[in-house]
Amino acid sequence: MEPSDHSAARAAQDHRFNAGYDEQPELYDDLRAGGHMTRRRVGYFDRVLAEVPGRVLELGSGTGTLLRTLAASHPDRTFTGVEPLPNYVDFANERSAAQGLGNVRFEVGTGEEVPAAVASGSVDLILSVDALHHVTDLDAVVTEAARVAAPGARWRAMEPNQQHPYVWLWHTLTPGERVFPAGDFVRRARAAGWELVGRDRLYLYPSSVKQVPAWAARAELALERLPFISGGVALDLVKR
């Protein structure tokens with residue numbers, strides 16, 4: 001086995017340890033496609049796309065739920081998803097074809113080794129959602145992201161907020177989960193040529209909540225700004 005094969009296999013193994021739906025991509029896709037948090041996530045990245053033009057790459061794209069939704073609403077943009085599980089990649093490409101989406105493609109690969117289909121310096125916007133806290137070699141990921149990123153490219157990384165007591169406890173005690181040390185990630189990213197230029201705090205309600213009334217949605221927008229209340233954090237980095 002070549003070194004790159006070892007890395008991909010190790011990443012896939014880590015992913016399998018952290019997910020209970022690895023052999024059920026359709027079920028996993030359904031879980032990721034619905035609910036209040038999913039709708040908010042799509043709205044958030046819609047706004048990011050409006051701010052940052054160019055080619056989009058998602059690291060850890062799963063079954064492609066987010067990227068397919070964005071590709072459908074932004075037909076003028078080009079999207080690539082990278083995911084270590086081959087069956088998830090096959091599922092994502094099949095769903096994209098069924099939806100008639102010609103502007104999105106999914107490839108087998110990892111954040112540590114982005115596939116050759118993504119050329120160096122070709123990406124203008126990188127997205128990653130709940131992926132980095134599963135990574136064991138953040139230095140490799142931030143370096144590889146910098147390699148494929150064009151000068152001035154942006155990276156929006158959305159992860160669980162470890163400052164939230166429940167989030168910290170869940171990701172500490174649940175097998176296969178890890179907390180996301182944002183400060184450590186930012187230091188490593190800076191060493192690879194990334195600079196933190198913004199930080200958003202999001203989410204009051206967990207992903208299991210399907211719908212909230214209007215007043216609760218308004219309360220969420222007001223309260224999620226507090227460090228110990230928000231369930232997630234989104235870091236905005238620029239490639240220097």
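Among the residues of segment 204-222, is there at least one that is open to solvent by less than 40 Å² (accessible area, probe 1.4 Å), outside any helix (DSSP H, G or I), touching a strand residue (DSSP E or B) at 6+ places or on another chain (Cβ under 8 Å) and in contact (Cβ under 8 Å) with a residue 12 or more places away in the chain? Scanning segment 204-222, I find no residue that is open to solvent by less than 40 Å² (accessible area, probe 1.4 Å), outside any helix (DSSP H, G or I), touching a strand residue (DSSP E or B) at 6+ places or on another chain (Cβ under 8 Å) and in contact (Cβ under 8 Å) with a residue 12 or more places away in the chain, so the answer is no. Screening Tyr44 with (1) at pLDDT below 90; (2) within 21 Å of Ala149 (Cβ to Cβ) gives one miss only, at (1). In this entry, Arg199 is excluded by the filter for residues that are more than 29 Å from Tyr28 (Cα to Cα) and either open to solvent by 80 Å² or more (accessible area, probe 1.4 Å) or assigned to a helix (DSSP H, G or I) (or both).
With a cut-off of at least 1 residues that are charged (D, E, K, R), open to solvent by less than 20 Å² (accessible area, probe 1.4 Å) and in contact with a helix residue (DSSP H, G or I) (Cβ under 9 Å, 6 or more places away or on another chain), name the strands (runs of 3 or more DSSP E) lying wholly within segment 23-137. Let's see the steps before the verdict.
Numbers: elements: 56-59, 79-83, 104-108, 123-129.
Per the criteria, 56-59, 79-83.
Remark: pairs (first residue in segment 53-78, over 26 Å from Ala140 (Cα atoms); second residue among the acidic types (Asp, Glu) and buried (at least 21 other Cβ atoms within 10 Å of the Cβ); Cβ separation under 9 Å; 6+ apart in sequence or on different chains) = Leu70/Glu58.
Each residue in segment 189-230 was checked for being touching a Phe, Trp or Tyr at 6+ places or on another chain (Cβ under 9 Å) and of a type in the set (Lys, Arg), and 0 pass. Filter segment 138-169 down to residues that are more than 19 Å from Ala192 (Cα to Cα), open to solvent by 10 Å² or more (accessible area, probe 1.4 Å) and not aliphatic (A, V, I, L, M), then give me how many there are. Number of matching residues: 7.
The set of residues in segment 176-185 that are touching a residue at least 24 places away in the same chain (Cβ under 8 Å), of a type outside the set (Phe, Trp, Tyr) and part of a loop (DSSP other than H, G, I, E, B) comprises Gly176, Glu177, Arg178, Val179. The condition (being touching an Asp or Glu at 6+ places or on another chain (Cβ under 7 Å) and either at pLDDT 95 or above or in a loop (DSSP other than H, G, I, E, B) (or both)) is satisfied by just one residue among Arg188, Arg147: Arg188.
Return the residues of segment 223-240 that are assigned to a strand (DSSP E or B), of a type in the set (Val, Ile, Thr) and within 26 Å of Gly34 (Cα to Cα); say none if nothing qualifies.
Here is the first cut: in segment 223-240, the ones assigned to a strand (DSSP E or B) are 232-239.
Still in the running and of a type in the set (Val, Ile, Thr): 233, 238.
Across segment 223-240, the qualifying residue is only Val233.
Does Gly62 satisfy the criteria of being at positive phi and either of a type outside the set (A, V, I, L, M) or at pLDDT below 80 (or both)?
yes
The values are calculated or read from the model by the stated rules, or taken from the named source; none is laboratory data. Fair warning: this is a prediction, and the values are worked out from it, not measured in the lab. Positions of Cβ are generated from backbone atoms using ideal geometry, with glycine treated the same way; all protein chains shown enter the neighbour counts. Please note that ligands, DNA and RNA were not included when accessible areas were found on the heavy atoms of the full protein model with its side chains. Shrake-Rupley method; radii C 1.70, N 1.55, O 1.52, S 1.80 Å.
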